[in-house]
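Everything on this sheet refers to the single structure shown next.
Read-outs throughout are calculated quantities, based only on the coordinates presented, and are distinct from any laboratory measurement. None of the values given here were measured: they were computed from a predicted structure. Here Cβ is always computed from backbone atoms with ideal geometry, including for glycine, and neighbour counts include all displayed protein chains.
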Amino acid sequence: MLDKDSTEKIHKIADHYGLHHQLMKTVEELNELSLECAKSWENKGLTVNIISEIADVEIMIEQIKYLGKIAESDIDEVKEYKIGRQIKRMS
């Protein structure tokens, strides 16, 4: 969980660039995380860079939620549904 100052900085960055730009930046960061996941899979262990790429993606997600006025409770509701659905599939 980020502190208030870091959250405000994320919002400032988001406001500066805007939703359209940050959606494209998110695609870029997701691709970089995807590559690190593939490298980790090939190496059968996490890469050194995976933490950095996860952090980049989480920062971008926070910006999208902020710019899109997406409530955390709405996301949590969908997560709970999807987690429950997957647990049922595993049974």
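Give the residues of the range 30-79 that are over 18 Å from Gly18 (Cα atoms), among the β-branched types (Val, Ile, Thr) and assigned to a helix (DSSP H, G or I), sorted by residue number.
Those that are over 18 Å from Gly18 (Cα atoms), among the β-branched types (Val, Ile, Thr) and assigned to a helix (DSSP H, G or I): Ile50, Ile51, Ile54, Ile75, Val78.
Yes or no: the range 31-45 includes at least one residue that is under 17 Å from Leu2 (Cβ atoms) and either free of Cβ contacts under 8 Å to residues at least 40 places away in the same chain or of a type outside the set (D, E, K, R) (or both).
So in the range 31-45, the residues under 17 Å from Leu2 (Cβ atoms) come out as none.
Looking through the range 31-45, none of the residues is under 17 Å from Leu2 (Cβ atoms) and either free of Cβ contacts under 8 Å to residues at least 40 places away in the same chain or of a type outside the set (D, E, K, R) (or both).
Sort out which residues of the range 10-69 are surrounded by 12 or more Cβ atoms within 10 Å (Cβ to Cβ) and of a type in the set (Lys, Arg), and write them in order of number.
Result: Lys25, Lys39, Lys65.
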